Amino acid sequence: MPRDRAALGAFLRSRRDRLTPSQAGIEPFPGARRVPGLRREELAVLAGLSPDYYSRLEQGRQANISAEVLDALARALRLDEVEHAHLRDLAAPTARHRAATPHAVQRPDPGLLRLMRSLDHVPVLLLGHRGEVLARNALLTEVLGRPLEPGTSFVRFMFQDPVARERIVNWADFASATVATMRREIARRPHDNRLAALVDELRITDGDVARWWDDHAVRDYASVTKRVQHPAAGPMSFDIEIVCAPHEPDQRLVVYTTEPDSPTARVLPMLASWNVAPQP
């Protein structure tokens, strides 16, 4: 079975399993139930499909899937906007996906760099599409406790560096969102072997990643709250905002914003004044 069709079937099963008949607004079909979620036949009826056709979809045996069928499944499964887009990417013909250039080096977008330099009063990070650090300011390294030089994998920092778990108080929330974002990227780029290898490595070596990956949750980059325990400045709280350039959709400027006159906002100038690179 092609990789993307296998992923499509797994995603459909995961969304079907989480939706009960009562949540879907239907009477359960008669007979013993082994799981609380919808049966294949129930979902097929909800989406206006034949049970045999839907079974072929879940088993990866249906080569071409129309936009109308995908929309009907999204409505029946009550998918949100990101999940619906993810479903469309998984169902896209293989030929529609362009093979990624495995060794292409991303160059930081000049406009995003200029914006980053104008925000030196808050931590800022510029990421590429595999979570690669393209640029960061000095305050970011001070807050997170690592240099995070360009070329560093921010994903590896999150999961393989103990400092990430030590400093980020709500690490699990942030890390699970990172896994959901990687799943979204994999669907967009099924031929990106470097991204696939990174995900496979983390799933093997990190039980948290494996568990979150098996949940099939997906999300785009979105604003979240990050709480940091700094060894000198104490507890800090940031609202993470994402800025993308229209002509560089694969690059994201991650800005750690603060509430005006909050304890975090008051302590950041002190950290910036130290101007001392943290020890790796």
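Worth pointing out:
- Residue in region 224-242 that is over 21 Å from Leu144 (Cα atoms) and open to solvent by 70 Å² or more (accessible area, probe 1.4 Å) present: no
- Matching helices (runs of 4 or more DSSP H) fully within region 125-194 where at least 1 residues are within 18 Å of the chain's Cα centre (by Cα): 154-160, 162-167, 171-188
- Residue satisfying all of: in region 242-261; touching a strand residue (DSSP E or B) at 6+ places or on another chain (Cβ under 7 Å) and without any contact (Cβ under 8 Å) to a residue 40 or more places away in the chain; nearest to Ser223 (Cα to Cα) among these: Ile242
- Count - residues of region 71-82 that are open to solvent by less than 40 Å² (accessible area, probe 1.4 Å) and not hydrophobic (A, V, I, L, M, F, W, C): 0
- Glu142 crowded, with 17+ Cβ neighbours inside 10 Å, in contact (Cβ under 8 Å) with a residue 60 or more places away in the chain and within 25 Å of Leu268 (Cα to Cα): yes
- Taken across region 251-269, residues that are at pLDDT below 90 and surrounded by fewer than 16 Cβ atoms within 10 Å (Cβ to Cβ) do not occur at all.
- For region 23-70, a tally of residues being in a helix (DSSP H, G or I), open to solvent by less than 70 Å² (accessible area, probe 1.4 Å), out of contact with any Ser or Thr (no Cβ under 8 Å at 6 or more places or on another chain) and not polar (S, T, N, Q) returns 14.
- Applying a threshold of 7 Å to beta carbon distances and a minimum spacing of six or more residues, or different chains, the list of pairs starting in region 104-130 at a residue that is closer than 17 Å to His247 by Cα and ending at one that is aromatic (Phe, Trp, Tyr) reads Leu127/Phe154.
- Filtering Arg107, Arg96, Arg136 for residues that are touching a strand residue (DSSP E or B) at 6+ places or on another chain (Cβ under 9 Å) and modelled with pLDDT under 95 leaves a single hit, Arg107.
The values are calculated or read from the model by the stated rules, or taken from the named source; none is laboratory data. What you are looking at is a predicted structure, and each value in this text was computed from that prediction instead of being measured. Neighbour counts run over all protein chains shown; Cβ positions are idealised from the backbone, glycine included. These accessible areas exclude ligands, DNA and RNA; they are computed on the full protein's heavy atoms, side chains included. Shrake-Rupley method; radii C 1.70, N 1.55, O 1.52, S 1.80 Å.
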